Amino acid sequence: MENTNDKKQIVFSAIQPSGTITLGNYLGAVKNWVKMQQSGEFDCIYALADLHTITVRQTPSVMRQNIINAYASILACGIDVEKSPFFIQSHNPNHAQMAWVLNCYTQFGELSRMTQFKDKSAKHADNINAGLFTYPSLMAGDILLYQADKVPVGSDQKQHIELTRDIAQRFNSIYGEVFKIPEGFIPKDGARVMSLQNPTAKMSKSDENVNACVLLTDDNDTIMRKFKRAITDSEAHVCYKEGKDGINNLMSIYSSVTGLSFEQIEHDFEGKGYGDFKVAVGEAVINELEPIRKRYEQFVKDKKYITECYTKSDELAFKISRRTMDKVMKKIGFIK
Ligand code: ATP
Ligand code: LTN
């Protein structure tokens with residue numbers, strides 16, 4: 001970080017290395033990480049949430065590669081570790097420690113209401129482990145350790161941010177003002193990019209259907225092919241309307257990438273069919289992702305650079321988070 005002594009607001013966010021980063025992750029979250037970092041208005045701290053990833057069973061060799069690939073992808077999106085740390089969560093033991101503490105200030109009923117828990121336990125019915133259930137207290141710890149003001153995420157994380165606020169307020173009401181109460185920062189467009197094959201479900205990097213997600217590493221032909229195959233309806237009129245989930249999703253993606261309003265898009269595609277629109281969305285996304293992919297291909301080969309980036313980020317993140325951790329331990333009654 002450039003300066004930790006000024007009064008800039010603190011931004012914290014994280015992403016799981018649970019697969020290849022998707023267009024949904026980028027438009028919903030990472031694009032804002034970059035904007036917030038580049039604006040110079042905030043002190044930003046970002047992390048690769050690898051501890052969260054083992055709530056779903058991983059193959060060790062694949063997990064190792066996913067971590068490197070995800071790290072390189074985020075650098076390629078424009079995150080600059082000279083400006084702010086981008087660290088690896090498992091390299092900082094304060095996260096696991098804080099998660100345990102916060103588990104003791106989080107209610108079973110609260111965790112039972114989390115929709116992500118319900119979705120993921122339905123999807124992985126053979127492995128409904130305690131970590132999947134307590135995932136939100138680990139996430140709350142991530143945020144609260146850095147005294148974050150703003151948390152840029154997609155809309156699927158709104159419920160977890162609300163719970164983080166509740167946990168922080170509960171802790172503060174017992175021990176005094178220990179934690180800053182954070183707020184979610186959710187984009188207007190792109191906050192919930194839907195699957196291209198099932199537009200009522202979120203685009204997710206752990207989706208098994210390869211045509212459902214656009215990946216940051218997809219080449220231009222693949223991106224275009226995925227958009228051309230995107231599921232739409234039989235109306236063939238480009239307009240945003242309740243029930244037209246496929247077209248609504250393509251319009252949101254197009255709007256998020258080009259900055260055009262829905263009215264403008266409807267006007268521009270008046271009298272044109274879905275085929276033309278899908279090609280336009282494909283081209284706009286290619287323009288956005290191609291430079292990222294090219295940078296990614298450079299970074300991912302450079303293990304030495306990646307290691308340097310996370311090592312110095314890990315050290316900084318440890319130092320910042322330890323201040324909060326020490327304070328929490330002392331307030332609760334642990335001795336030195
Ligand atoms: P998984 O498939 O393993 O659950 P994920 O793709 O949902 O992973 P996360 O690592 O859990 O991704 O999320 C990283 C960030 O991307 C979060 O801020 C999340 O809100 C955002 N995000 C994830 N999917 C989407 C989406 N489809 N649209 C917009 N934002 C998204
Ligand atoms: N649970 C988040 C990833 C995540 C996160 C965080 C996001 C872990 N820790 C802290 C924001 C702040 C998800 O996107 N599924």
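Are any of the residues in the stretch 139-146 closer than 23 Å to Gln9 by Cβ, at pLDDT 95 or above, of a type in the set (Phe, Trp, Tyr) and in a helix (DSSP H, G or I)? Give the steps one after another, and end with the answer.
If we filter the stretch 139-146 for residues that are closer than 23 Å to Gln9 by Cβ, which is where we start, we get 139-146.
After this cut, where a residue has to be at pLDDT 95 or above as well, the list is 139-146.
Right, trim to of a type in the set (Phe, Trp, Tyr) and you get 146.
Narrowing further to those that are in a helix (DSSP H, G or I): none.
Within the stretch 139-146 (the criterion being closer than 23 Å to Gln9 by Cβ, at pLDDT 95 or above, of a type in the set (Phe, Trp, Tyr) and in a helix (DSSP H, G or I)), the answer is no, since none of the residues qualifies.
Being basic (Lys, Arg) and in contact with a strand residue (DSSP E or B) (Cβ under 6 Å, 6 or more places away or on another chain) is the filter here; which residues of the stretch 134-170 pass it? It would help to see each step written out before you state the result.
From the stretch 134-170, those basic (Lys, Arg) are 150, 158, 165, 170; that's our starting set.
Listed by number, the residues that qualify are Lys150, Lys158.
Just one of the numbered conditions (1) surrounded by 20 or more Cβ atoms within 10 Å (Cβ to Cβ); (2) touching a Ser or Thr at 6+ places or on another chain (Cβ under 9 Å) is not true of His160: (2).
Residue under question is Phe179, and the condition is that it be among the hydrophobic types (A, V, I, L, M, F, W, C) and in a loop (DSSP other than H, G, I, E, B); does it hold?
yes
Within the stretch 108-157, the residues that satisfy the criterion of being among the small types (Gly, Ala, Ser) and crowded, with 20+ Cβ neighbours inside 10 Å are Ser137, Ala140, Gly141, Ala148, Gly154. When each of Met194, Met114 is tested for being in contact with a His (Cβ under 8 Å, 6 or more places away or on another chain) and touching a residue at least 40 places away in the same chain (Cβ under 8 Å), the lone residue that passes is Met114. In summary, His267 fulfils each of the numbered conditions (1) without any contact (Cβ under 8 Å) to a residue 60 or more places away in the chain; (2) closer than 29 Å to Leu48 by Cα with the single exception of condition (2).
Could you tell me whether Asp126 is farther than 26 Å from Leu289 by Cβ, within 12 Å of ligand 2 (Cβ to nearest atom) and either in a loop (DSSP other than H, G, I, E, B) or in contact (Cβ under 8 Å) with a residue 60 or more places away in the chain (or both)?
Values: farther than 26 Å from Leu289 by Cβ: yes; within 12 Å of ligand 2 (Cβ to nearest atom): no; either in a loop (DSSP other than H, G, I, E, B) or in contact (Cβ under 8 Å) with a residue 60 or more places away in the chain (or both): yes.
For Asp126, the condition - farther than 26 Å from Leu289 by Cβ, within 12 Å of ligand 2 (Cβ to nearest atom) and either in a loop (DSSP other than H, G, I, E, B) or in contact (Cβ under 8 Å) with a residue 60 or more places away in the chain (or both) - is not met.
In the stretch 164-215, how many residues are β-branched (Val, Ile, Thr), more than 22 Å from Ala76 (Cβ to Cβ), within 16 Å of ligand 1 (Cβ to nearest atom) and buried (at least 19 other Cβ atoms within 10 Å of the Cβ)? Give the steps one after another, and end with the answer.
So the first thing to find is which residues in the stretch 164-215 are β-branched (Val, Ile, Thr), and the list is 164, 167, 174, 178, 181, 186, 193, 200, 210, 214.
Cutting the leftovers down to more than 22 Å from Ala76 (Cβ to Cβ) gives us 164, 167, 174, 178, 181, 186, 200.
Then drop every residue that is not within 16 Å of ligand 1 (Cβ to nearest atom), which leaves 164, 186, 200.
Keeping just the survivors that are buried (at least 19 other Cβ atoms within 10 Å of the Cβ) gives 164, 186.
The number of residues fulfilling the criteria is 2.
Is it true that Met114 is modelled with pLDDT of 95 or more, of a type in the set (A, V, I, L, M, F, W, C), under 29 Å from Met194 (Cα atoms) and more than 12 Å from ligand 2 (Cβ to nearest atom)? For Met114, the condition - modelled with pLDDT of 95 or more, of a type in the set (A, V, I, L, M, F, W, C), under 29 Å from Met194 (Cα atoms) and more than 12 Å from ligand 2 (Cβ to nearest atom) - is not met. Of the helices (runs of 4 or more DSSP H) contained entirely in the stretch 232-325, those carrying at least 2 residues that are among the hydroxyl-bearing types (Ser, Thr, Tyr) fall at 245-258, 274-301.
Selection of strands (runs of 3 or more DSSP E) fully inside the stretch 1-98 by the criterion of at least 3 residues being out of contact with any Cys (no Cβ under 9 Å at 6 or more places or on another chain) returns 9-15, 42-48.
Would you mind finding the one in Ile21, Ile54 that is near ligand 1 (Cβ under 9 Å from one of its atoms) and either touching a residue at least 12 places away in the same chain (Cβ under 8 Å) or not charged (D, E, K, R) (or both)? Step through it out loud before you land on a result.
Values: Ile54 fails: near ligand 1 (Cβ under 9 Å from one of its atoms).
Unique residue meeting the criteria: Ile21.
Among the residues of the stretch 154-176, the one identified as within 12 Å of ligand 2 (Cβ to nearest atom) and in a loop (DSSP other than H, G, I, E, B) is Gly154. Before we move on, is Val151 among the hydrophobic types (A, V, I, L, M, F, W, C) and outside any helix (DSSP H, G or I)? Spelling it out, Val151 is indeed among the hydrophobic types (A, V, I, L, M, F, W, C) and outside any helix (DSSP H, G or I).
The values are calculated or read from the model by the stated rules, or taken from the named source; none is laboratory data. It should be emphasised that the depicted structure is a prediction, and the values quoted were computed from it without experimental measurement. Virtual Cβ from ideal backbone geometry, glycine too; neighbours counted across all protein chains shown.
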